[in-house]
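The values are calculated or read from the model by the stated rules, or taken from the named source; none is laboratory data. Because the structure is a prediction, the values reported are computed rather than measured. Ideal geometry is used to build each Cβ from the backbone, glycine not excepted, and the neighbour counts take in all protein chains shown. Surface areas here come from the heavy atoms of the whole protein model, side chains and all, with no ligands, DNA or RNA. Shrake-Rupley method; radii C 1.70, N 1.55, O 1.52, S 1.80 Å.
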Amino acid sequence: VSDQKPLGCWSVKHGQIITCPVVCNFETHEYIAVHDDKVLRIWKNTDINLDKVFKATLSADVYRIHSLPNGGPVVLFKGGGVRTLDVLLEAPQQEIENIISDEVIKWSEAFNEGQQPVLIFATEKDGDFFVYVKKLKMNSLHKYKLEQQELSKPLSFTAYIKNKIITLLCLYSSYSVYKVLIPLQRNTEEEEQILSRSLLLNLSVSGTVLKGTSFVVLDKDHIAVLGSLGASGEECKEHLTVWNTKFQTLQTSKELPLGTSGQLWCYEEKFFFTHGKVLTVIMYKCETSSLAAAVGKLKDSQTPDVSSFVNWNTLGDEELVVSVQSQQSVALKAESKMTLRSKRNTVAKVHPDTLSVGQLLLNLKDASTTVLEDELRQLMSKAQTPDFQATIGCVITALINRCKTNPKYYPRNLLLQIVQTRELSYSLCPDLMAVALEKKDLHLLQNCLQRFPDIPEEITYTCLKVFLSISEAYLQRIDVNLESVICYIDTEFNNKDVKTEIVENGFNAELEQDIWDTKITKKTHLTADGEFCPVGPQKAALLNAVLLSAYSETFLLPHLKNLPAQQAVLFLRYLYYLYVKCSEKINTTLPGIRSPTINQIMDWMCLLLDAHFTVMVMLPEAKELLSNLHKFVRAQVRFYSELNKIEGSLRELQRLNHQKDSQTYSIEVLELI
């Protein structure tokens, strides 16, 4: 999320338009999309091309697909018809009834009530709003009409089910939120029943009004509203706000100066909304609402948009300060640069007799280096809490800030200890690798590349460039983890006594004899089988860390094109060396811990050739390397082609062996034709 790294990307053909949000089928782990209103597509994460995945053309336009954890996807059509996905796939061209005639669907939501899926959707016609409740198993549909309000209309809806009652909340253009109760068990048989509404909340405090665009329910006493906040006559600015509906108070708000799309989502105690070009994630936790907290908040605040309720500093990329007071009814923690793979979704309570992390770091801002490191070590040694990762992020941020203000200060050992012993991510400490690059702390960079799952491609490229540019003489003097290379590359130049098993896997002796006839510098190292590695073990270990890091080809390729030609040739020579070493073994894997796989090696070779192919062809020192690479790949293609020719015979032999009685001794001669 923080670095916009796509884990999967699919696109429709030019001219086609995805017309409703894509959902995931929780039961089959498949994605479901609709393009051009009627064309249904279903695919899995392993699929690459949408043109080749399942396709079904439906008989009516789809409004929305809702995916329920235990009930399967439910499809709502623009005419009001509802089908489960399983029923729809049995006959995609089945006729879909038109229930709502000239009405237009404005909103819909699906729930599981017990074992029964329930779908609710709101429609509009000539200024009148209607609500439909569909029970799929009972195949019942009830229609209601919302009570009208002069000079005001609903802008947004949300709903939840509790005790067999649907609570529908409506955000009106009059800056108010109204509540409507709809019983699931309807006693009357009237075709259309008018729903009365009650005022839940006025979105205004001391003359300041929130013009809401979307909202979500946090719990029975709190809602979050996204909209424009400002007093009459003043310029309105977009804010995310949290309101206490029980005591009619604005609990907290944060200005969003970069603007939003107007949409707010809530899932597993996290807010999701776009802020500028970034998807922002904010964790929250609601506690029991109390009058003392609400009144105390109003009494202490001078303006409605200033609150001690939560510190939102990370939305502005400022230093993270977590300040949670014991009397607060909702604890919020902003994390605009959060990695979902490594985060937990709860926030710990802070006891009133202990300092918060933010307060402790502020107190240590001017402390001596020794005091700072001692206090931070004590902080990290405490029992882990649900927000312990965020605490570690604060610790690293404090250390990095000290490094920036005092260039002579660099706690190398403490930073390395934190990275090696804690499950961190680049998002938690985005300045850490930048400082390590500035200090040329190669050991720390190696550990970050091996452990951080979300490093931006620009940083990965910068590390690669630094590793390739540093001399072998300098690398021999520094501490680097060699566990990824120690098993297949000699650390001593003249060590020729170690013998390893060589299994010919696609080799051709005639083609191989000139593979390593190119000029090798004095810095090359012998491996156990006598072949040359173009780099020393320290540089090889650092390059392996780069090969193991996650990346997106789309974002990495532009940076890779800037790699100097000589460094690109050296890197390709090393990748070719690894490719040959992998192919020697029958299982095509390198020994050692955190060694790159053959797929990773080939992917990087392809990327490097894509980025520098023209330069490689023109460089004299790369010509022979490309020729050898071509010969080696051609030999492997021939080898696997020969294997494919006898694949059928081998399968037939395996089938015959299964049919024989294994306890009977026999000698057979099978002729392969």
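Placing unit charges on each Cβ (+1 for Lys and Arg, -1 for Asp and Glu) gives segment 11-99 a dipole about its Cα centre, and among Phe26, Gly81, Val12 the Cα reaching farthest toward its positive end belongs to Val12.
A probe of 1.4 angstrom, applied to the heavy atoms of all protein chains, finds Glu103 with accessible area near 20 square angstrom. Surface exposure of segment 105-212, expressed per residue as accessible area with a 1.4 Å probe, stands at 50 Å². Rounded to the nearest 20, the size of the Cβ-charge dipole of segment 11-99 about its Cα centre is 240 debye, with Lys and Arg at +1 and Asp and Glu at -1. Full extension of the chain between Glu472 and Trp265 gives 69.3 nm of extra length, using 0.36 nm per residue less the Cα-Cα distance. Per residue, the accessible area of segment 11-99 comes to 54 Å² when a 1.4 Å probe rolls over the protein heavy atoms. Amide H contacts for Thr28 (H built 1.01 Å from N in the peptide plane; partners 5 or more residues away or on another chain; cut-off under 5 Å): none found. Rounded to the nearest whole Hz, the Karplus-based 3J(HN,Hα) values (6.51 cos²θ - 1.76 cosθ + 1.60, θ = phi - 60°) of segment 440-455 follow the sequence 6, 7, 5, 5, 5, 4, 4, 5, 5, 5, 6, 10, 7, x, 9, 6, with x at glycine and proline. Pairs exceeding 27 Å between alpha-carbon atoms, taken from Lys143/Lys246; Lys440/Lys561; Lys52/Lys134: Lys143/Lys246; Lys52/Lys134. The packing ranking, built from the mean of other Cβ atoms within 10 Å per residue, places the peptides 434-445, 554-565 in the order 434-445, 554-565, highest first. If contacts are Cα pairs under 8 angstrom and at least 6 residues apart, what is the relative contact order of segment 544-650 in percent? Result for segment 544-650 is 30 percent. With all protein chains in place and ligands, DNA and RNA left out, the 1.4 Å accessible area ranks Tyr132, Tyr640 as Tyr640, Tyr132, largest first. Karplus-derived 3J(HN,Hα) values for segment 238-246, using 6.51 cos²θ - 1.76 cosθ + 1.60 with θ = phi - 60°, are 5, 9, 9, 10, 10, 10, 9, 6, 6 Hz; glycine and proline are entered as x. On a per residue basis, segment 591-659 carries 65 Å² of accessible surface, using protein heavy atoms and a 1.4 Å probe.
Short-range pairs are left out: with C-alpha atoms under 8 Å and at least six residues apart, the relative contact order of segment 11-99 is 22 percent.
Using a 1.4 Å probe on the protein heavy atoms, what percent of the accessible area of segment 137-186 belongs to carbon and sulfur? The computed percentage sits at 49. The residue among Gln94, Asn112, Leu58 whose Cα reaches farthest toward the positive pole of the charge dipole of segment 1-146, with charges on the beta-carbon of Lys, Arg, Asp and Glu, is Asn112. Per-residue 3J(HN,Hα) values for segment 390-403, derived from phi via the Karplus relation 6.51 cos²θ - 1.76 cosθ + 1.60 with θ = phi - 60°, read 5, 4, 4, x, 5, 4, 5, 4, 5, 5, 5, 4, 5, 4 Hz in sequence order (x marks Gly and Pro).
Annotation: amide H of Gly81 within the under-5 Å range of Ile99, sequence separation 5 or more or interchain, hydrogens built in the peptide plane. Calculate the FRET efficiency for Glu150 and Cys286 from the Cβ-Cβ distance with a Förster distance of 41 Å, rounded to the nearest 0.05. According to the calculation, E is roughly 0.75. Label sites at Gln566 and Leu653, each approximated as a point 7 angstrom past Cα along Cα to Cβ, lie 5.3 nm apart.
A 1.4 Å probe over all protein chains sorts His29, His275 by accessible area into His29, His275, starting with the largest.
Taking every protein chain into account, the 1.4 Å probe leaves His142 with about 40 Å² of accessible area, to the nearest ten.
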